[in-house]
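Below is one structure; the comments refer to it alone.
The values are calculated or read from the model by the stated rules, or taken from the named source; none is laboratory data. Bear in mind the structure is a predicted one, so any value in this text is a computation, not a measurement. In this analysis, Cβ positions are derived from the backbone assuming ideal geometry, glycine residues included, and neighbour counts consider all displayed protein chains.
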Amino acid sequence: MDVLIVPVLRDNYSYLLVDRGRAIAVDPGEAAPVIAALEVNDLELVAVLATHHHADHVGGIGELRALLPRLSVFGSEPDRIPEVTHPVAPGAKIEVLGVTGEVLDVHCHTRGHVAYRFGDVLFTGDTLFAGGCGRFFEGDARDMRAAFDTLLALPLGTQIFCGHEYTVKNLEFALTIEPDNRAIAAKLEDARARRALGQPTVPTTLAEELTYNPFLRSSRPELCEAVARKTEERPRDGVETLAALRRLKDQFT
């Protein structure tokens, strides 16, 4: 199976998971770019996967269903996603394109946020970004830490396809937390070069993220020490470290 990256709106990514002329759309925040990608690649859209209810991830579903009334739409039941035809729960298996996908519970950004895994491909929505993570709109740091632990149980070679192109800003922040981390500096240089050429910075892998993403690594002692230096308060554990990192990121400009 192949993954096509479809930029939508200002900085969102939708994706097409493709196999033998058929496709699944992930988080179609806008219909027109998805339709154009389907036409250019001569693909039949058979299903939509929604990671969470925010409009920039589901705004195109209505138009897609108007064009394809029999389109299957998967989304989590707690997340109030319009047009869902197949509500899913964490741990569920879904059969699409003749392959089995897994629904993972990563709630925090929203109460019902899920991720979708197909083999070594993972769609994380607004939970895990390249170099960062989503805001804690409907959860807290304990929820996000639990979501990360769920993701870290996957193979380290898992490819991460996230919901936004935030990589440069995320890594600029990460460098303020760990100014001597060479992995952050190298990834930031690469991300800036890619964006200058109009290229996406995704996918990354879990293994890569564990070298430069401070949020994903918040349970590690070196991140606790780094946060203590920035805030003059010592977090007691990975959850408090993650909460402090999120507060610092929210203030970062």
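Can you name the number of the only condition in (1) crowded, with 22+ Cβ neighbours inside 10 Å; (2) closer than 22 Å to LEU122 by Cβ; (3) over 19 Å from the mean Cα position of the chain (by Cα); (4) among the hydroxyl-bearing types (Ser, Thr, Tyr) that SER219 fails?
It is condition (1) that SER219 fails.
Please work out if ARG135 is of a type outside the set (Phe, Trp, Tyr), in contact with a Leu (Cβ under 6 Å, 6 or more places away or on another chain) and touching a residue at least 40 places away in the same chain (Cβ under 8 Å).
no
Give the stretch 170-203 a look and list any residue that's outside any helix (DSSP H, G or I), over 18 Å from LYS249 (Cβ atoms) and either in contact with a helix residue (DSSP H, G or I) (Cβ under 7 Å, 6 or more places away or on another chain) or not aliphatic (A, V, I, L, M) (or both), or say none.
Residues satisfying the conditions are ASP180, GLY198, GLN199, PRO200, PRO203.
Pull up the stretch 123-152, narrow it to residues that are of a type in the set (Ser, Thr, Tyr) and within 8 Å of the chain's Cα centre (by Cα), then point me to the one that is nearest to ASP237 (Cα to Cα).
Residue satisfying both the conditions and the ranking: THR127.
Need at least 2 residues that are modelled with pLDDT under 95 per element, so show me which strands (runs of 3 or more DSSP E) inside the stretch 58-100 make the cut, counting only ones lying wholly within it. If you could, list the steps in order and put the result at the bottom.
Working: elements: 72-76, 86-88, 93-96.
By residue number, 93-96.
Pairs under 6 Å by beta carbon, first residue in contact (Cβ under 8 Å) with a residue 24 or more places away in the chain in the stretch 220-239, partner of a type in the set (A, V, I, L, M, F, W, C) and surrounded by 14 or more Cβ atoms within 10 Å (Cβ to Cβ), six or more apart or different chains?
Cβ pairs passing all conditions: ALA226/ILE177; VAL227/ALA244; VAL239/ALA141.
If I go through the stretch 152-169 residue by residue, how many of them are in a helix (DSSP H, G or I) and within 22 Å of PHE118 (Cβ to Cβ)? Write out each step before concluding.
In the first step, residues of the stretch 152-169 are kept if they are in a helix (DSSP H, G or I); the result is 152, 167-169.
Checking which are within 22 Å of PHE118 (Cβ to Cβ) leaves us with 152.
The number of residues fulfilling the criteria is 1.
Taking into account only those residues within the stretch 210-225 that are in contact with a helix residue (DSSP H, G or I) (Cβ under 9 Å, 6 or more places away or on another chain) and in a helix (DSSP H, G or I), which is nearest to TYR166 (Cα to Cα)?
Taking the candidates together, the pick is TYR212.
For residues that are among the hydroxyl-bearing types (Ser, Thr, Tyr) and surrounded by fewer than 24 Cβ atoms within 10 Å (Cβ to Cβ), scanning just the stretch 159-177, find the one that is nearest to the chain's Cα centre (by Cα). Before the answer, list the steps.
Our first condition is that a residue be among the hydroxyl-bearing types (Ser, Thr, Tyr); within the stretch 159-177, this holds for 166-167, 176.
Applying the additional criterion that residues be surrounded by fewer than 24 Cβ atoms within 10 Å (Cβ to Cβ) yields 166, 176.
On the way: TYR166: 11, THR176: 23 Å.
Looking at residues that are among the hydroxyl-bearing types (Ser, Thr, Tyr) and surrounded by fewer than 24 Cβ atoms within 10 Å (Cβ to Cβ), I get TYR166.
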